[in-house]
Structure formats: structure tokens, C-alpha cells
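Shown next, in C-alpha cells, is the structure this report addresses.
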Amino acid sequence: MRAKLGFAVLIMGITATVAQVVAMRELVVVFYGNELLLGLLLAGWLLCTAAGSALAGRVAHTLVSATGAFATLQVGVAIVLPITVLAARATLIAWGKSQGQVLGLLPMVLTPLVVIGPLCLLLGFLYTLGCKGTAVHTTRDSLAIGRVYVLESVGATLGGLAASFVLIRYLHPFHIAALLGSLNLVASALLHLRQSRPRALLALLGSCALIAALVASATPLHRLGNSLLWRGYRLLHSENTPYANVAVVEVERVISFFENGLISFTYPDPEAAENTVHLPLLQHPRPEEVLMVGGGLGGGLNEVLKTPSVRHVDYVELDPRLIALAREYLPMEAMAPFADPRVAVHHVDGRLFVQTTPRRYDVVIIGLAEPRSTMVNRFFTREFFVQVREILKPGGVMSFAVTSSENVIGEELARFLACLRNTLAEVFPEVVVFPGGTAHFFAGLPPTRLSTDPQVLLGRLRERGVETLFVREYYLPFRLAPPRVCYLEQVLEEHAGERLNTDFAPVAYYFDMILWSRQVSPATVKLLDGIARAGHWLVWVPGVAVALLFGAVARLRRASAKARQWAIGWAVACAGFSGMALEIACMIAFQAVHGYVYYRVALLLTAFMAGLSAGGMMGNARLRRGSSVLGWFKLVVAALVALPLLTLGVLHMLASMGLGAGARILGQASLPLLLLLTGSLGGYQFPLANELFARAGTRVERTAGTMYALDLAGACVGAAAAATVLIPVLGLPLTIAGLACLNLSALVGCLLCLSTT
């Protein structure tokens, strides 16, 4: 029975990770996936799982059989999984919206709790029940908890790898839900085999019937879910690629491609294509070598090839499925440039291509979406602009565009635009910004002189004989009217001191998040801005305040069992917080140094989860030896104080090495190793914490539920705070230093309150 329960716990870990990936992908499509959303989604998942674990810790002692309840709840997981995916796709209808309409902060906060809450509660409940069931077959409660923790971590590791490399690529979400549900039903049936033969046979037949129903309903549910999500559109195609959810829709003979719920491009859209391409090309007297990173499928490549001097175009499009689907759904003339011998297509990360290309270019056009996340923000940082400068010929020009305003520019938008302009100006000697509903940024190297004179640009257009519909004599004089240009320049000059956007302080995506929040909830802007103003206080005050509190508690109630449990619980919560925050920080640093993170996210997560598994096994081994549990617990907490400082040293070393091949190789090795070490310390600490907590006479289910809930609650706050505020506002170094301070407060609590344990 112990082996069967262990297998069921392993399946629970696989289910939790794969379901988390699927649910977050589904909700990203609904909410357009900025960093605030991702932080709230991850926080909601961890919070609900923690609630389920804590609840089970209080009621599990009333159950006749923890193993039987575990088997029954696994059936519930199998049923809830497809309902969760369907509920995610029905979110817009539930809030009275359709695709393309922006939902506010309240739906963003409540939806994850309603959609994924039931599944997370079940998974949290299962963890505590698994600990109670395993304790029956183990000599010590803390060893049982440690065994379940390790098995769940191993399952999470396997689930992360399977989701990233196999499931997302080849199966749609309802097929994945059916597969996960089938695994849970198999595990449930195995646990029921210990019962009487009639009941075991009934459980086996019931599981087979449910598996058949899950598999048979997957495709019809997929169609129903798509019809709910894309109501009002004619959906031509939808699939999950390794990089995004891609949907192709048609409205009044216009084809639009969506990635994660946001329009990637529309065809035909000649105005956007001409602005993206001809405005930067006209800044160069004779462009011959051109690099486009995105932005070519909506007609951009066609426009580049209209310029007669262009001899070669490198077009970078990360996801090959976009081009494959464009060939299938766009007219032949839209795909004609891909057959032109002057065009070379590269399916690689754009930043990695810029770092490694041997070519030099006259014009570099960044045709990507604006920096709504750290993933896209990498293309708007000082470090990336330095890389682009290195591949430009003398007189070369680079450009990108972000959403702006035709008329009045508000404070939040002004700060966003100024941040980007100041960052460009830090790298390039000349920077020009065109006003309009879309602000176009241009940066140039001598001897080329950038111009805002429409007559200069129109003269080059006539010389080249390029036929355009929008970028022509009636458009440019209006776009570049002196009052409009002067107004924008004045606004940018008023914010000349705005911070720069860098790899390790990605403030631009914070400004973009503020702009997004202004649309959906002005109150959110005030909240985020207030948190940002708190700045450094957020890093130091919590740790210092808690350390002082522990000092007071130790002075008044030194021998109190409650005080000891508070110190242990705070240490576990701090480990969860700092582990999650360091994980996010290492991912941002990894993609900045290496220039590629999509597939390697799975490897980074695997390093962290593998560390948890290994650390948990070592912690269990320490418990079996039964010596110096308290001493080792304090030592691990001290190591968690030193770990952020070690991380700071590694980041400083990577930054000082620059962006060459050596830094990339070192980054590929050192940052995963840091995550492995982070996970190992957290995993090692957890069984020791359970042993110390249980010494107060707490039942196994109460100990397991409380400790697991505190670990997840800390991770929940860490995910939300690090991704949305701390890293973009304070930057990686200060945020990581704050983690050392937080863990130091846990060490103070342990030294003051655990000395008599």
C-alpha cells in the first residue's frame, strides 16, 4: 500500500505542474498576459493550494481512512480538470465581455480564484492526506511528510518537462486534461484494490468508464471552449505552440493572428506595415542590408522589398508555426517575399540572433509588441541597444514603435516614452521620436542625420520610386507638423531624468503595466505607484520589524512552544518567498545574458524542482540519523541568508563580463546551478522544520498542512511581489539584497526562540 500511495503522490505532483501550465496559458489568452496578470495567477494558484492544505490539516483527523479519502479526491481531480479549462474559456462571457475587450482588476483577481480555486483546493488537500496516509507506514511523522514532499517534487519535475517538451506541443488542453485525469483515475483504482473484491471491481470499472468519458469528450469540449472564447469571430484555427497560443480569425474578410489573446498582426493592414518599414528606411540615405525582428507577416516584408537599394533582408520570426499558418490562411501575394532570394528567414530568438550574427546592417527594425513582460522587455533595454549598435554599419539606423497618443500625453505615458527615449540616448548619439497614436523611435549612428522634416523624407521616397498608400505627401506633413513634434519633445524633456530600462532593472514593463492599469482600473495605478514610492522601505522594513518582534517575543516567552512554532513557520515562509523570488530573478538574468529563455524555462524550473527533491531526500536522511536537527535547521536558515549574497556576486560577475560568448556560457551554467542550490536548501529545510514543529505534540496532518501552507503562502507573496513591483521598480540587485534581509529576520527568530528546543 505504501508503494501505491507513493505512486498516487507522484501523479499528484505531475498533475499540479501540468495543470498549472495549462491553466495559466488559458487565462493569459483571456487577460492578455502582462506581468501583473502572471503574478496574480501564480499567487492565486499557490494561495488556493495553501488553503486546501491548511484546511486538510484541521479536518483530516476526522476521516476514517486518509488513503481512501485520497483515492476518492483523485476522482474529483479527474472530473474538475476539464471543467477548469472550460471555465477559463468561458471567463469573458461570464463577465459580459468578448475577445478584444479589456477586463478590469476585479475580474483579474477573482477569476483565478473561481476558475482554478477548486482544483488547487483539491491538490492542497491531497498533499496533507498523502502525509497522513504515509505516516501509517512510517516510524516518524516528519519522515512521512518528507517522503511525500520529495515524491511530489519529483512529480512536479517530471510534469514540467512533459508539459514543456511534449504535451503543449502535441495535445490541446482538453486532451491534456483527459490524460491527467486518466492518470489520477488509475492511481485511485490502485488504491481501491486493497478493499473487498466487489468494491475493488466496482472501482476499477468506474475508473475505466470515467477514462473513456474523458477521452471521448475531449474534442467536443475543445470545440465548445473555442466557441465560447472566440464568440463574435469566425475562428479559422487555434493551437498552442511552444511559444504561445496562436489563433487565426476572420472578420469581414480581414484575417487577424492572435498570440496569447493579443493581435499579432492583421492582413491587410497597409498603414501599419508602411509605418513600420518605410519610416526607418527613409531615415537612411541608401539602405542595402536590413534586419527585421518580427513585424514582417502583416505586409512588412513586402514593403521592405519595395525599396530598390535593398539587397538583403534577414527576417527573424521565432515561432515557425506563424509562417506555416500564414501560408495556409493568407493570400499568395502576402507570402511572396518568402520566396524572394533577398530574404533569409531565421527561426531563432531575436536577441540571440543579434548577439551572434556576423552581418552588419544599414537598418534594424524591431517589429515586436511593446514591453508588456520581461520576455519582450529584453528588446527595449540599454544592453540590447548596445548589441544592436554593434551590428549597425556607420550611418546605421534602428527603430521600434510603441502605443502613444495623438493628442494629450498623460503623466504615465510620458514617463514610459521618456524611459525608452532616455535609454536609447544612453547608447546612440542621435535619437528622434515621431508623434502620433503610435510613437516611432529612431536611433542613428554618424554620419547619418535623422530628420523630422517631411520634405527630406518625401524627397527620398520620390527618388526611390516607392508607391505607398499612407506614407506619402498628404500624410507625413501632418504627422510631422512642427507643433506636434515640439509638443512631444517638450513632454520628453520634462521627464529627461526618468530612469533607464536595463536588463537587471526592467522598469519599462512596469511603466507599461501602469498604462494598462490606467485603462482597466485607475485605483490600481495609485496602488502600484504607492508601492513603488515605498521603494527601499519594502526591502528593509519587513525583515527588521519581524526581527525586532522575535526579540520581544523571546524576551517575554522564551520557552513558549507557540513562540518556537512561530519562528519555524516564519523561516519556512521566508524560504518560500525567497525561493520563488530568486527563481524569477534568475530567469530574468538568464534571458538577459543568454538571449534565449523559451525552452530553457523548463530547464530552469527543472533545476529548481530537482533541487527540492534532492534537498528533501537529504533532509529525510538527516532525520533518520536523528542527530542535531535543530543545529542543521539553523545552519540551513543561515545558508539562505548567504544565498542571495552569492547570487548578487554571480550577477555582478556576469554584468562585468559583458555580453560576449564567455558570459553566455557562464550564465548558462551558473544560474541553473544557483536555482539547483536554492531548491536544495528549501528542500533540506522542509523536513527539518516539520520535525521541529511536530515536537510540540502536533498531529501529523496538522503539521503537514500548516508547514506546506506556509511554504506556499510565502511563495505566493514572493511571486506576486517580485514579478510586479520589486524587480521592475527596485531592480535585481536591491531586490535580492532584500531577500537576504528577510531571511536574516528568520535566522534571528531561530536563534532567539529555538535555543531551548
- Shape category assigned to the range 692-746 from the gyration tensor of Cα positions, a/c cut at 1.5: oblate
- Message: I'd like the carbon and sulfur percentage of the solvent accessible area for the chain, probe radius 1.4 Å, heavy atoms only, ligands and nucleic acids excluded.
- Response: 64 percent
- Give the Kirkwood hydrodynamic radius (Å, one decimal) of the range 25-69, defined as one over the mean of 1/r across all pairs of different Cα atoms. 12.7 Å
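Taking the Cα centre as origin and putting +1 on Lys and Arg beta-carbons and -1 on Asp and Glu beta-carbons, what dipole magnitude results for the chain, to the nearest 20 debye?
Details: 58 positive and 45 negative charges, 686 e Å.
Result for the chain is approximately 3300 debye, rounded to the nearest 20.
Could you state the orientation-averaged shadow area of the convex hull built on the Cα atoms of the range 406-480, in nm² to one decimal? Each step should come with its number before you reach the end.
Working: hull surface 23.2 nm².
Result: a mean projected hull area of 5.8 nm².
I need the semi-axes of the equivalent ellipsoid of the chain: take the C-alpha gyration tensor, multiply each eigenvalue by 5, square-root it, list largest first in whole angstrom. Walk me through the numbers on the way to the answer.
Working: eigenvalues 494, 192, 89 Å².
The three semi-axes for the chain are 50, 31, 21 Å.
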- Task: Compute the separation of the alpha-carbon centres of the range 468-504 and the range 239-265 and state it in Å as a whole number.
- Result: 30 Å
- Message: Taking the 0 to 90 degree range and rounding to the nearest ten, how far is the long axis of helix 411-427 tilted relative to the main principal axis of the chain, both from C-alpha atoms?
- Response: 70 degrees
- Message: Quick check: the angle from helix 270-282's long axis to the longest principal axis of the chain, C-alpha only, nearest 10 degrees?
- Response: 70 degrees
- Per-residue ellipticity at 222 nm attributable to helices in the chain (runs of n ≥ 4 DSSP H, -39500 (n - 2.57) apiece, nearest 500 deg cm²/dmol) works out to -22500 deg cm²/dmol
- Message: Give me the three principal axis extents of the range 611-753 from the C-alpha atoms, as integers in angstrom, largest value leading.
- Response: 55, 31, 26
- Å² of accessible area per residue within the chain, as computed with a 1.4 Å probe and no ligands counted: 37 Å²
- Taking Rh as the Kirkwood radius computed over alpha-carbon pairs of the range 445-542 and applying Stokes-Einstein at 25 °C with viscosity 0.890 mPa s, one gets a diffusion coefficient in µm² s⁻¹ of 138 µm²/s
- Query: Given a cut-off of under 8 Å on Cα pairs at least six residues apart, what relative contact order in percent is computed for the chain?
  - Reply: 18 percent
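Note down, for the range 491-531, the three equivalent ellipsoid semi-axes (square root of 5 times each alpha carbon gyration tensor eigenvalue), biggest first, whole angstrom. Present the calculation step by step, with values, prior to reporting the outcome.
On the way: eigenvalues 80, 37, 17 Å².
Result for the range 491-531: semi-axes of 20, 14, 9 Å.
Placing unit charges on C-beta atoms (Lys and Arg positive, Asp and Glu negative, everything else neutral), compute the dipole magnitude of the range 1-105 about its Cα centre in debye, rounded to 20. Mind showing how you got there, number by number?
On the way: 6 positive and 2 negative charges, 46 e Å.
For this selection, approximately 220 debye.
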- Message: With no other cysteine's Cβ closer than 4.7 Å, which Cys residues of the chain count as lacking a disulfide-compatible partner?
- Response: CYS131, CYS208, CYS419, CYS486, CYS574, CYS586, CYS716, CYS741, CYS750, CYS753
- Message: Just want the answer: with Cβ charges of +1 for Lys and Arg and -1 for Asp and Glu, which residue in THR606, SER373, VAL64 is farthest toward the dipole's positive end in the chain?
- Response: VAL64
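Return the percentage of antiparallel bridges among DSSP beta bridges fully within the chain, rounded to the nearest 5 %. Mind showing how you got there, number by number?
Working: 30 of 47 bridges.
Counting only bridges with both partners in the chain, antiparallel ones make up about 65 percent.
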- Projected area, mean over directions - the range 296-344, Cα convex hull, nm²: 3.2 nm²
- Task: When a/c is below 1.5 the answer is rounded, else prolate if a/b is larger than b/c, else oblate, so apply that to the range 221-327 with a ≥ b ≥ c taken from the square roots of the Cα gyration tensor eigenvalues.
- Result: prolate
- Rough spin-label spacing in nm, given labels placed 7 Å along Cα→Cβ, for HIS495 and LEU635: 5.2 nm
- Express in Å², to the nearest 10, the accessible area of PHE165 obtained by rolling a 1.4 Å probe over the protein heavy atoms while all chains stay in place. 80 Å²
- Send over the per residue convex hull volume for the range 332-487, Cα only, as a whole number of Å³. 150 Å³
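What do you reckon, how do HIS222, HIS175 stack up by accessible area (1.4 Å probe), largest on top? Provide the component values of the computation, followed by the final result.
Values: HIS222 30, HIS175 60 Å².
Accessible-area ranking of HIS222, HIS175, largest first: HIS175, HIS222.
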- Query: Roughly how much of TRP570 is accessible, in Å² to the nearest 10, using a 1.4 Å probe?
  - Reply: 70 Å²
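I need the shape label for the range 311-372. Rule: rounded when a/c is under 1.5, else prolate if a/b > b/c, else oblate, with a, b, c from the alpha carbon gyration tensor. Don't skip to the answer; put the middle values down first.
Values: a/c = 1.97, a/b = 1.31, b/c = 1.50.
It comes out oblate by the Cα gyration axes.
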- Message: Tell me which of VAL629, LEU654, ALA178 sits at the most positive position along the dipole axis of the chain, charges placed on C-beta atoms (Lys, Arg +1; Asp, Glu -1).
- Response: VAL629
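Let me know the charge dipole size of the range 410-508 about its Cα centre in debye, to the nearest 20, where only the beta-carbon of Lys, Arg (+1) and Asp, Glu (-1) is charged. Walk me through the numbers before you get to the answer.
Working: 10 positive and 13 negative charges, 79 e Å.
Using Cβ point charges on Lys, Arg, Asp and Glu, the range 410-508 gives about 380 debye.
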- Task: Using only the Cα atoms of the range 1-105, construct the convex hull and provide its projected area averaged over every direction, in square nanometres to one decimal.
- Result: 7.9 nm²
- Per the charge dipole of the chain (beta-carbon charges, Lys/Arg positive, Asp/Glu negative, Cα centre), the residue among ALA50, PHE416, HIS237 reaching farthest to the positive end is ALA50
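The values are calculated or read from the model by the stated rules, or taken from the named source; none is laboratory data. Quantities reported herein were computed from a predicted structural model and do not represent experimental measurements. Because the Cβ atoms are built from the backbone with ideal geometry, glycine has one as well, and the counts that use them run over all protein chains shown. When the accessible area is computed, the model is the full protein with side chains, heavy atoms only, and any ligands, DNA or RNA have been set aside. Shrake-Rupley method; radii C 1.70, N 1.55, O 1.52, S 1.80 Å.
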